[in-house]
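Heads up: the structure comes next, in structure tokens.
The values are calculated or read from the model by the stated rules, or taken from the named source; none is laboratory data. Since we're looking at a predicted model, the values are computed, not measured. Here Cβ is always computed from backbone atoms with ideal geometry, including for glycine, and neighbour counts include all displayed protein chains. Areas reflect the complete protein model, heavy atoms only, side chains present, ligands, DNA and RNA absent. Shrake-Rupley method; radii C 1.70, N 1.55, O 1.52, S 1.80 Å.
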Amino acid sequence: RLDAESYQAQKIELERQLLAVTDSVDLSGQQRAPRLVIGLVFLWLPLLAVACYVMIGDRQAVYAYWQAQDQYDEVAEQLLTGQIERVPESVTDAVGLLQAMQTHVYRNPTDAQRWLAMSEAYVAVEAIEPALEALSRAQRRAPEDDRIAMTYAQMRFFSQEGRLDDKTKQVLNSLLNRNPQHEGALLLLAMGQQRAGEYAQAIDYLNQIKALRLARDPDPNAEAIVQLDRAVAQAQQLQQAAQSSRIEVNVSLSPSLRAQVSPSDTLFVYVRALQGATIPYAVHKQDVSRLLAGQTVNVMLSDQNAMMAERSISAAQQQGVALAVGARISQTGNPTGAAGDLESLPVPLGTQKQFQVVIDRTR
């Protein structure tokens, strides 16, 4: 038993000890490191990191980059500004030269001509994607420059195997708005429209080019006019073939299979050989929402739906290949089909132009 005086003295001593402990322990119960230790850690960690980098870090790429900047700085500037047109024979490191040119371009990001020259350098090493990006930046910085616009449109056109996407059309139409007589833009549009099966528009563009040529040289037997006449005749033949190959296909789904179809599945309506290879001569792709709703899907197939220009319905008919019409619902999105797909029986393609197919079995 303690008297009141002893109790109070010991209580005060315990409180002092508790305060001393609290100074060295944080609120989470972990002991605080001394300030000296904390200071040394913050001082020595960066120094140790730098020392490790210097002693064991691989800095060859950095050194090579610095060396390329020193070695090819002047050549890069001359190429980008058009002072020279070819890479000097003294340049032995193509990657180093490209790095030096990139550095100069990023130092002058608003100079469209530098971006154009950079794209040409990328093309020289067959780096198509970076070349397209460089041309895109050049075109954004100089939208009124016909040369840059035409180069950009051509690059996009040929990199997409002769297809005109919306961006390419936008660039070409903008160019024609400024210069309606630009034959290069008209020719590119004619080629793209013919590749897409829009033969009437392709013929119209070709005739515009012919009119421009005749305005300059009225000789109808000039080589350029003869070639344009051949191109128009070829487009007209393709147009007639496409019209004769056009068929209408009405596709329905058996109600018994509807529960096996997912909204993410893909419907393919196609024309393929009745026997042999299953690669389609024409194919149309769309979602299955209308089939899931119990509706009939109406599809028009012709040479315009050919997967390859040389492998079309009309070409197969001219070769005497027996064709068939069919439809398939694919879970994988593969037009040639896979096990588990839902499909119709093939319907032989004769002289008729309208077909009814029902997807009623599992592959």
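Here the contact order of segment 191-295, divided by its residue count and restricted to Cα pairs under 8 Å and six or more residues apart, works out to 20 percent. Protection proxy ranking for 355-361, 216-222, 162-168, using the average of other Cβ atoms within 10 Å per residue and placing the highest first: 355-361, 162-168, 216-222. Rolling a 1.4 Å probe across the protein heavy atoms gives the chain an accessible surface of 61 Å² per residue. Expressed to the nearest 5 percent, the antiparallel share of DSSP beta bridges inside the chain is 80 percent. The heavy atoms of Ser289 present about 70 square angstrom of accessible area, all protein chains included, probe 1.4 Å. Comparing Gln260, Leu291, Gln317 along the charge dipole axis of segment 186-334, the residue lying farthest to the positive side is Gln260, per the Cβ-charge model.
Just to be sure I understand the rule: take each whole DSSP H helix in the chain, project its Cα atoms onto its long axis, keep it if the span is 15 Å or more and its mean Kyte-Doolittle hydropathy is at least 1.6. Which ones pass?
Taking the DSSP H segments of the chain (at least 15 Å long, mean hydropathy at least 1.6), we get 35-56.
Charge tally around Arg272: other residues with Cβ under 12 Å, Lys/Arg +1 each, Asp/Glu -1 each, net +1. Taking other residues whose beta carbon is less than 14 angstrom from the beta carbon of Thr336, and scoring Lys, Arg as +1 and Asp, Glu as -1, yields +3. When +1 charges are put on Lys and Arg Cβ atoms and -1 charges on Asp and Glu Cβ atoms, the dipole computed for segment 187-277 relative to its Cα centre reaches about 220 debye. Here segment 61-188 yields Rg over Rh of 1.03, to two decimals, using C-alpha coordinates and the Kirkwood radius. Rg/Rh for segment 116-240 stands at 1.02; both radii use Cα atoms, and Rh follows the Kirkwood definition. Taking the three principal axes of the alpha carbon atoms in segment 301-350, the coordinate ranges are 34, 22, 16 Å, sorted in descending order. Across segment 240-363, counting alpha-carbon atoms alone, Rg and Dmax equal 13.8, 42 Å. Protein heavy-atom surface of the chain, 1.4 angstrom probe: 53% of the accessible area is carbon and sulfur, with nucleic acids and ligands not counted. Toward the positive end of the charge dipole of the chain, with +1 on the Cβ of Lys and Arg and -1 on the Cβ of Asp and Glu, the farthest Cα among Gln356, Leu80, Asn179 is that of Gln356.
Shown here are the Rg and Dmax of the Cα trace of the chain, at 35.9, 131 Å. Under a straight-distance cross-link criterion of Cα-Cα below 26 Å, which lysines are reachable from Lys353, leaving out those fewer than 8 residues away in the same chain? Excluding near neighbours in sequence, the set is Lys285.
Near Lys210: Cβ cut-off under 14 Å, other residues only, Lys/Arg at +1 and Asp/Glu at -1. The net charge is -3.
For the chain, build the charge dipole from Cβ charges (+1 Lys, Arg; -1 Asp, Glu) around the Cα centre, then report which of Leu2, Gly96, Gln237 sits farthest towards its positive end. So the residue we want is Gln237.
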